[in-house]
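To start, the structure itself, in structure tokens.
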Amino acid sequence: MDKLVIKGGKKLQGEVNISSAKNSVLPILVATILNGNNCTIENAPMLEDVFVICEVLKSLKANVSIDKINNKVKINTANLFDNDANDELVRKMRASFLIMGPMLGRFGNFKISLPGGCNIGTRPIDLHLKGLSALGAEISVGHGYVEAKAKKLRGSNIYLDYPSVGATENIMMAATLADGETVIGNAAEEPEIVDLARFLRAMGAQISGEGTDTIRILGVKDFKEVVYKPIYDRIEAGTFMITAAITKSLIKINGADGVHLKPIIAKLTEMGVAIEINENSIIVDGRKKLNPVDIKTMPYPGFPTDMQAQMMSLLCTVKGTSIITETIFENRFMQAVELKRMGANIKIDGRSAVIEGVDTFTGSEVTATDLRAGAALILAGLTAEGATTISDIYHIDRGYVSIEQKLKGLGADIERVSS
Ligand code: UD1
């Protein structure tokens with residue numbers, strides 16, 4: 001298995017290009033299930049998670065071609081039929097559960113393996129199921145499977161107990177083919193929800209209100225051919241912003257969207273990082289002395305849980321006390337154990353982490369326990385004294401395109417080695 005070896009302490013400089021958003025592309029690829037015509041996704045990020053979701057679609061007999069040179073995915077689901085999705089693939093990636101809504105919408109019947117728990121929390125699917133049953137689906141759960149049946153989905157008023165990203169997406173997709181209007185209250189407002197709505201609209205869906213807490217979907221009969229380019233990845237952009245701050249460098253991040261990054265920009269600015277926002281790029285200057293801050297993860301537009309681990313690495317290097325409160329997932333501080341191996345001073349108390357800044361990280365052998373925890377370890381390694389070796393980096397490859405190449409382009413000493 002591959003490892004990353006980082007020799008820390010290098011000042012970085014230059015420009016980095018951000019890829020398209022993993023969390024936009026996954027539901028968009030899944031949404032092609034609704035459409036029997038050609039769908040082309042341009043500038044698609046060539047990531048493990050994208051390859052897995054494409055395999056899931058292939059297991060349902062979709063015609064999928066991935067052009068890795070031109071970053072294009074072409075999908076035609078005309079010959080799809082309502083057979084069960086490959087269990088192993090579904091369990092491998094939670095986002096696979098998003099196929100439930102569109103499969104139900106198109107075929108009125110679908111059975112899928114229950115998604116497994118995952119490292120960062122139990123991640124129930126009750127909100128997905130409540131929403132789909134409000135659309136008229138009869139749902140049964142048993143023997144490790146969820147089965148949903150509905151002669152025809154019908155529009156409904158649904159109020160989510162919590163603004164779940166996945167549940168909002170699943171319900172939104174199913175509702176595009178339902179009879180009448182669906183209103184989702186307390187919907188998630190993430191930019192990736194807005195992107196999915198735009199994609200659905202581009203193929204003929206009638207949706208309004210995306211990006212607010214109330215989304216309205218008027219069911220349509222069918223869809224048309226579509227070519228679509230998803231938004232940039234705000235989490236990748238945020239990770240490179242922290243790269244500049246933690247290495248005390250000046251980096252230009254191309255493709256970053258200042259609006260989507262507002263909560264991250266606000267926190268880094270509060271810490272003393274200088275940030276210039278341009279139309280298609282952000283320049284981050286982390287060369288000044290930084291101050292500790294407190295952070296609480298919240299649904300968008302609050303501080304994203306997917307940036308919490310990376311922020312922890314940065315705060316470990318800032319003199320003084322910082323507190324991070326994780327409100328979204330119950331078990332998302334696993335990076336702390338690894339960061340402590342590198343010399344961090346972190347105390348975890350339930351959902352809060354108290355961080356006392358230290359002078360420096362020390363290079364160590366550490367393990368990526370999930371995607372963002374892995375990113376946090378890279379950030380720590382970039383500023384550590386000596387060499388850091390990160391194993392289990394397949395987690396990182398799920399969500400960052402060519403991360404070591406991008407960092408090398410900025411002057412980092414980082415190598416991927418096979419062991
Ligand atoms: C998505 C993102 C993930 C991000 C998360 C929160 C994708 C592919 N993944 O995950 O990177 O960290 O949003 O921004 O887009 N919950 C329930 N019942 C449900 C559904 C969710 O209790 O039916 C809970 C979850 O356990 C969690 C919280 O709601 O505690 C947020 O989950 P949700 O917004 O659904 O996240 P995902 O869509 O799984």
Looking only at residues that are surrounded by 16 or more Cβ atoms within 10 Å (Cβ to Cβ) and under 25 Å from Val90 (Cα atoms) in region 145-163, which one is nearest to the ligand (Cβ to nearest atom)? Pro163
When region 124-149 is checked residue by residue, the ones that are among the small types (Gly, Ala, Ser) and closer than 20 Å to Gln206 by Cβ are Gly131, Ala134, Gly136
Determine which single condition Met307 fails, assuming it passes every other condition in (1) open to solvent by less than 20 Å² (accessible area, probe 1.4 Å); (2) assigned to a helix (DSSP H, G or I); (3) in contact with a strand residue (DSSP E or B) (Cβ under 6 Å, 6 or more places away or on another chain). (3)
Kindly provide the set of residues from region 175-199 that are in contact with a helix residue (DSSP H, G or I) (Cβ under 6 Å, 6 or more places away or on another chain) and part of a helix (DSSP H, G or I), ordered by number. Glu192, Ile193, Asp195, Leu196, Phe199
Checking Pro292, Pro299 in turn, the sole residue that is more than 16 Å from the ligand (Cβ to nearest atom) and at pLDDT 95 or above turns out to be Pro292
Is it the case that region 41-59 has a residue that's open to solvent by less than 20 Å² (accessible area, probe 1.4 Å) and away from the ligand (no atom under 16 Å from the Cβ)? no
Among the residues of region 241-293, what is the count of those that are crowded, with 22+ Cβ neighbours inside 10 Å, over 20 Å from Leu12 (Cα atoms) and not aliphatic (A, V, I, L, M)? 1
Only one of (1) within 29 Å of Glu192 (Cα to Cα); (2) surrounded by 15 or more Cβ atoms within 10 Å (Cβ to Cβ); (3) touching a residue at least 40 places away in the same chain (Cβ under 8 Å) fails for Ile324. Which number is that? (3)
Does Lys296 satisfy being assigned to a helix (DSSP H, G or I) and either open to solvent by 40 Å² or more (accessible area, probe 1.4 Å) or aromatic (Phe, Trp, Tyr) (or both)? no
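To keep it simple, each residue is scored yes or no on (1) open to solvent by 30 Å² or more (accessible area, probe 1.4 Å); (2) out of contact with any helix residue (DSSP H, G or I) (no Cβ under 9 Å at 6 or more places or on another chain).
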site	(1), (2)
Ile328	yes, no
Gln335	no, no
Asp349	yes, yes
Glu365	yes, no
Thr369	yes, no
Gly374	no, no
Leu377	no, no
Ile390	no, no
Any residue at all in region 79-89 that's open to solvent by 10 Å² or more (accessible area, probe 1.4 Å) and more than 26 Å from Ser133 (Cα to Cα)? yes
For region 216-227, does any single residue satisfy the condition of being outside any loop (DSSP other than H, G, I, E, B), more than 14 Å from the ligand (Cβ to nearest atom) and among the basic types (Lys, Arg)? yes
Name the single residue that is farthest from Lys151 (Cα to Cα) among those in region 80-103 being in a helix (DSSP H, G or I) and away from the ligand (no atom under 16 Å from the Cβ). Glu88
Among the listed residues Thr360, Thr383, Thr325, Thr317, identify the single one that is of a type in the set (Ser, Thr, Tyr), touching a strand residue (DSSP E or B) at 6+ places or on another chain (Cβ under 8 Å) and more than 27 Å from Gly166 (Cα to Cα). Thr360
Within the set of pairs 6+ apart or on separate chains, which have a first residue in region 121-143 that is without any contact (Cβ under 8 Å) to a residue 24 or more places away in the chain, a second that is within 12 Å of the ligand (Cβ to nearest atom) and in a strand (DSSP E or B), and C-beta atoms under 8 Å apart? Leu129/Val146; Ile139/Val146; Ser140/Val146
State whether the residues of region 134-145 include one that is closer than 30 Å to Glu42 by Cα and either polar (S, T, N, Q) or touching a helix residue (DSSP H, G or I) at 6+ places or on another chain (Cβ under 7 Å) (or both). no
Out of everything in region 205-217 that is touching an Asp or Glu at 6+ places or on another chain (Cβ under 7 Å) and farther than 15 Å from Asn170 by Cα, what residue ends up being least open to solvent (accessible area, probe 1.4 Å)? Gly211
Here is a check on your reading of the model: is Gly238 free of Cβ contacts under 8 Å to residues at least 40 places away in the same chain, assigned by the TED database to the domain that holds Leu12 and either of a type outside the set (Phe, Trp, Tyr) or surrounded by fewer than 17 Cβ atoms within 10 Å (Cβ to Cβ) (or both)? no
Could we say that Leu127 is in the same structural domain as Gly166 (by the TED database), aliphatic (A, V, I, L, M) and more than 12 Å from the ligand (Cβ to nearest atom) here? no
When region 166-192 is examined, which residues are found to be within 16 Å of the ligand (Cβ to nearest atom) and either aromatic (Phe, Trp, Tyr) or closer than 19 Å to Gly105 by Cα (or both)? Gly166, Ala167, Thr168, Glu169, Asn170, Ile171, Met172, Met173, Ala174, Ile184
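The values are calculated or read from the model by the stated rules, or taken from the named source; none is laboratory data. What you see is a predicted model, and the numbers here were worked out from it, not measured in a lab. All Cβ positions, glycine included, derive from the backbone under ideal geometry; neighbour counts span all protein chains shown. Note: areas computed on protein heavy atoms with side chains; ligands, DNA, RNA excluded. Shrake-Rupley method; radii C 1.70, N 1.55, O 1.52, S 1.80 Å.
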